[in-house]
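This report refers to the structure that appears directly beneath it.
The values are calculated or read from the model by the stated rules, or taken from the named source; none is laboratory data. A quick note: this is a predicted structure, and the numbers were derived from the prediction, not measured. Here Cβ is always computed from backbone atoms with ideal geometry, including for glycine, and neighbour counts include all displayed protein chains. To get the accessible areas, we keep the full protein, side chains included, count just its heavy atoms, and leave off ligands, DNA and RNA. Shrake-Rupley method; radii C 1.70, N 1.55, O 1.52, S 1.80 Å.
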Amino acid sequence: MKLLKKLLCNVNKVCVFTYLAGVIWFILLSHPQFHARCYFSENALSPGLVHSQFASSNNEIARFNRYFTGDTEKTQQTMISLLQSIGLEVHQQKFAFREDFINQPEEFQLKNGTNIYGFMRAPRSAGTESVVINIPLFHSQPNYAVGIALALAKQMRGEMHWAKDIVFLFTEHGSYGAQAWLDAYHGTPSFHIAADPLTSHAGSIQAAIVMEMKDKSFTYINLKLEGYNGQLPNMDLSNLAVRLFKLHEILASVNYQFHPYDPSTMDGFKSFLKTTLKMMKQLSTGMSSGNHGDFLRYNIEAITLEGIRSKQHPNRDLLALHRILEGICRSLNNLLERFHQSFFFYLLPSTERYISIGMYMPCLGLVLLAPLLKALSMLVRSEITDSDVTEEQSDDQKENIDDILQDVGSKYFEETVQTPTTQWNSVVQMMILCHVAGYLLFRSPSFTPVWSSMFSLTFTTSFIFLLVTVHLAALVFMELHSQHFFSFTQEGAKNFRVASLLHAAIAVGVISIMNFSLGFIVSLFLVPVVTFIQTREGWLKYLQKLSLIIISLPLIHFYTHHAYEVVQIYNFHLTNRSWLFPAASLVYFPMWLQLWGITCCSKHVEIAN
């Protein structure tokens, strides 16, 4: 009871402390003392780390690449002939897809593509398991990883130790080609892709490696790990690639950031923090950084290896990357079961260090503890008429608190039972209206053609104009509804604020379970406002509204519009099942409206601070 009394007297200070403690804790996780070195959990991956057996040469790789240019249509038959001459079982898949649901809302202008895939059947097993090597084919420029894959396939045909089928998959149109092939492979249809069924299958896919090489040589390899909606591959797979890079003296990066030369210095700490924040930024968008994201959806561990050419370091030939790919395949060939031992939830400060889920989740817990404590204090102090309880209160007032604490449970229960309608009716009504507004925002893009014809705007402009209009209309409606149609009673206003606090903490917590990066970034914006916003008059009221405008969806998008356009976010929601647009419209926007409703409460209502 004494501890609870102290909490009531200092709840605002405690809320500030928990929020800052969570933020500082997260920043300190980038220090080498608070994260660990990457390690192998699956010893079966070790065989690929021995000396390479790759028997090809740079001339052979260059010979294969000469057949292919940026025009994929002219080289498809050539690729099929080469794969057949190597001895693979070759097939092709035709598919059509729609990628833009805003600029062509009525005419379904489908794009066509062709996937080519070849099976190297395992000579020592029944073909119940397989590994995929995916080479995306670009229309604007060649992918020189084609030569690597063909040279590796030629070598593998002469070896007898392979226990898994190796699938060489050449896909068009980025992730759409990979998605078309995987959907057909697993018998899962997609509404925006029409693809031919596969004429042959391999075994259950254990892992996939995606190769992107836009130059004939490279300086370093960038590791792409982020999948859709915050998914990540098992850390053993990325550790395997990094170990092979070190073995063959190849520079490696994650999000184009290298491991610092001296991790113990301040520059090392800044480098760790920058790399971690870059990874979180990519994860929070809900989009994949490569084709590996489509494999992750089907519980297939996958990474993308991107060759980068830079003037700051000497270049390496493609033969070095061949050895890396062969080593990865040999390690995966020795795997007796699916990846399961290492982490699936982590953050990487560098290629050689990691932050586990057990270290970063408490940071979010501390941040979300602030609104929970505020809601608890308001419930306990529901019988106190003063707007705040400070440390300077008199002893008589504190004794009054003791009496109320002993009796508040029964009094609050009795009052709730006696008058449930007067206390919660307006609260439920307001929260329903906020969520209805969120649903209208979610469904508003379907009216883009109507707005485009009415105002003679382009589809993209009409789409953004429609979202902003719904946003402003909900804001104005909330203002008018609160001032003219009804006003909260004192108890109702308190309940509305408590409900908003609990709703924000629970919603952000659920989002963080699915995508920690998105949940943590949202909490940094939302928690300070939701915790301390209340009914005010005068300049404080307008200051609170200004803070709400700063954290509104249009301005947040304005801050980050260089990373992802809002039209792309909506298209990715439809085509790639990204959660970002639904989370923004159905979760974040209703919470924001609830906070705006608190600032619009009647001036006669005072809520405990």
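Values computed for the structure shown
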read-out	value
Some residue of segment 107-114 being in contact with a strand residue (DSSP E or B) (Cβ under 9 Å, 6 or more places away or on another chain), under 30 Å from residue 446 (Cα atoms) and small (Gly, Ala, Ser)	yes
Qualifying residue in segment 255-263 (condition: among the acidic types (Asp, Glu), over 23 Å from residue 144 (Cα atoms), more than 28 Å from the chain's Cα centre (by Cα) and not in a helix (DSSP H, G or I))	yes
Checklist (1) part of a helix (DSSP H, G or I); (2) more than 25 Å from residue 335 (Cβ to Cβ) applied to residue 142, failing item	(1)
Residue that is farthest from residue 349 (Cα to Cα), among those in segment 251-298 that are of a type in the set (A, V, I, L, M, F, W, C) and open to solvent by 30 Å² or more (accessible area, probe 1.4 Å)	251
Residue count for segment 267-284, restricted to those that are β-branched (Val, Ile, Thr) and under 13 Å from the mean Cα position of the chain (by Cα)	0
Cross-chain or 6+ apart pairs with Cβ under 7 Å, segment 356-371 first and within 12 Å of residue 29 (Cβ to Cβ) and among the charged types (D, E, K, R), then open to solvent by 50 Å² or more (accessible area, probe 1.4 Å) and part of a helix (DSSP H, G or I)	none
Number of the condition not met by residue 81 [criteria: (1) within 29 Å of residue 316 (Cβ to Cβ); (2) at pLDDT 85 or above; (3) small (Gly, Ala, Ser)]	(1)
Condition met for residue 225 (in contact with a Phe, Trp or Tyr (Cβ under 6 Å, 6 or more places away or on another chain) and at negative phi)	no
Matching residues, segment 200-227, being open to solvent by less than 10 Å² (accessible area, probe 1.4 Å) and not in a strand (DSSP E or B)	203, 219, 225, 226, 227
Output for segment 299-312, where each listed residue is under 17 Å from residue 174 (Cα atoms) and either touching a His at 6+ places or on another chain (Cβ under 7 Å) or open to solvent by 30 Å² or more (accessible area, probe 1.4 Å) (or both)	302, 303, 304
Segment 1-38 - residue that is surrounded by 14 or more Cβ atoms within 10 Å (Cβ to Cβ) and touching an Asp or Glu at 6+ places or on another chain (Cβ under 7 Å) and, of those, farthest from residue 531 (Cα to Cα)	38
Residue in segment 46-78 that is modelled with the lowest pLDDT, counting only those that are within 30 Å of residue 184 (Cα to Cα) and acidic (Asp, Glu)	71
Number of the condition not met by residue 121 [criteria: (1) over 14 Å from residue 91 (Cα atoms); (2) surrounded by fewer than 24 Cβ atoms within 10 Å (Cβ to Cβ)]	(1)
Residue 194 crowded, with 22+ Cβ neighbours inside 10 Å and over 26 Å from the mean Cα position of the chain (by Cα)	no
Candidates 328, 324, 355 - the one that is within 30 Å of residue 577 (Cβ to Cβ), part of a helix (DSSP H, G or I) and open to solvent by less than 20 Å² (accessible area, probe 1.4 Å)	328
Residue match in segment 167-184 (condition: open to solvent by 50 Å² or more (accessible area, probe 1.4 Å), of a type outside the set (Ser, Thr, Tyr) and either outside any helix (DSSP H, G or I) or modelled with pLDDT of 90 or more (or both))	no
Every residue from segment 1-42 that is at pLDDT 85 or above and of a type in the set (D, E, K, R)	13, 37
